[in-house]
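*Asks:* Structure below; questions to follow.
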Amino acid sequence: MSTKKRSYAAKIRQTLRKEKIDIDPLLDATLEELERLSVIRDDLFESYQDEDTKLFREHTNKAGATNVIMAAEVTEYKNYSDKFNKTVAAIEKMVEARRPVKDDSKQQEDPLAKIIRRDLNAQS
């Protein structure tokens with residue numbers, strides 16, 4: 001097995017191909033944007049995995065009140081995660097709109113045909 005991690009966008013593309021859903025330019029561009037957001041989000045996550053990075057720090061103002069301040073990486077990670085989740089939701093709606101409609105509706109049988117069959121079965 002391959003140890004290379006496949007991206008979420010690549011998994012979506014593979015699923016779309018399996019379901020035979022056409023990937024038009026708009027959906028393709030949205031998947032590329034999802035890939036870009038994924039790379040940025042993963043880089044930010046790795047940047048604050050270092051032991052040297054302080055995610056939170058305390059700041060005491062002149063009045064003596066202490067405030068906790070988040071590192072910029074945490075805020076950016078949250079922003080890109082929100083964008084990633086919104087893009088996934090948009091892709092889901094786009095795929096649903098492009099999904100081929102299955103014609104499961106059977107042609108309505110004439111009600112009189114049912115009555116006629118009942119009469120024929122009753123006479124036998």
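*Asks:* Sort LEU112, LEU27 by heavy-atom solvent-accessible area, probe 1.4 angstrom, most to least.
*Replies:* Working: LEU112 105, LEU27 0 Å².
Per-residue accessible area, sorted high to low, gives LEU112, LEU27.
*Asks:* At a 1.4 Å probe radius, which order do ARG41, ARG99 fall into by accessible area, largest first?
*Replies:* Numbers: ARG41 45, ARG99 85 Å².
The residues order as ARG99, ARG41, largest area first.
*Asks:* What is the spin-label model distance, in nm, from ASP42 to GLU58 if the labels are put 7 Å beyond Cα along the C-beta direction?
*Replies:* In this crude spin-label approximation the distance works out to 3.7 nm.
*Asks:* Please compute the length gained on full extension between ARG98 and ALA72, using 0.36 nm multiplied by the number of residues separating them and subtracting their Cα-Cα distance. Display every interim value, and only then the final one.
*Replies:* Values: separation 26, 0.36 × 26 = 9.36 nm, distance 3.89 nm.
Contour length minus the Cα-Cα distance gives 5.5 nm.
*Asks:* Could you compute how much accessible surface VAL101 exposes when probed at 1.4 Å, giving the result in Å² to the nearest 10?
*Replies:* Using a 1.4 Å probe on the heavy atoms, I get roughly 140 Å².
*Asks:* Here is a further query. Rounded to the nearest 10 Å², what accessible area does ASP43 have for a 1.4 Å probe in the complete protein model?
*Replies:* 90
*Asks:* Given contacts defined as C-alpha pairs under 8 Å and at least six residues apart, what's the relative contact order of the stretch 1-92, whole-number percent? Please list the in-between numbers first.
*Replies:* Values: 61 pairs, mean separation 25.6, N = 92.
It rounds to 28 percent for the stretch 1-92.
The values are calculated or read from the model by the stated rules, or taken from the named source; none is laboratory data. Only a predicted model underlies this, so the values are computations on that prediction, with no experimental measurement involved. Glycine gets a Cβ as well: all are built from the backbone with ideal geometry, and neighbour counts include every protein chain shown. Accessible surface areas use protein heavy atoms only, side chains included; no ligands, DNA or RNA. Shrake-Rupley method; radii C 1.70, N 1.55, O 1.52, S 1.80 Å.
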